[in-house]
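Everything on this sheet refers to the single structure shown next.
Readers should treat all values here as calculations from the given coordinates under stated rules, not as data from a laboratory. Here the structure is a predicted model, which means the values were calculated and not measured. No Cβ is skipped: glycine too gets one built from the backbone with ideal geometry, and neighbour counts run over all protein chains shown.
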Amino acid sequence: MLDQTSPTARARSALTDARAELDAEIRSYPTPISGCDAQYNHLLAERRRVHAALEALDADIHIPTPRAP
């Protein structure tokens with residue numbers, strides 16, 4: 001059977017799942033030395049990218065249209 005959900009809904013679901021996984025991994029991560037732990041900093045950067053992608057999905061879409069004289 002074909003998946004009837006929209007591509008946007010599937011993207012939002014995948015990003016929400018990714019955010020939850022990243023949050024869990026960050027919560028369980030041993031206390032890092034601030035600014036010195038590359039893996040921890042990578043997890044934080046990934047979480048920021050996922051958050052930005054979710055915000056982009058929720059943003060109003062503006063499609064510029066040409067104006068006829």
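Against the main long axis of the alpha-carbon atoms of the chain, helix 7-28 sits at an angle near 10°.
Using only Cα coordinates, the Kirkwood hydrodynamic radius of the chain works out to 14.8 Å.
Return a whole-number percent for the relative contact order of the chain, with Cα pairs under 8 Å and 6 or more residues apart as the contact set.
The normalised contact order for the chain reaches 40 percent.
Per residue of the chain, what 222 nm ellipticity follows from adding -39500 (n - 2.57) for every DSSP H run with n ≥ 4, rounded to the nearest 500? Write down the numbers at each step before the final one.
Working: 2 runs with 43 residues, N = 69.
For the chain, the value works out to -21500 deg cm²/dmol.
Compared with the dominant Cα axis of the chain, that is its longest principal axis, helix 38-58 is turned about 20°. Once both labels are positioned 7 Å from their Cα atoms along Cα-to-Cβ, the gap between Ala24 and Ile61 label points is 3.2 nm.
Can you compute the FRET efficiency between His42 and Arg10 using 1/(1 + (r/R0)^6), with r the Cβ-Cβ distance and R0 = 30 Å? Round to the nearest 0.05. Could you put the intermediate results ahead of the total?
Working: r = 25 Å, r/R0 = 0.85.
Efficiency, from the Cβ-Cβ distance: 0.75.
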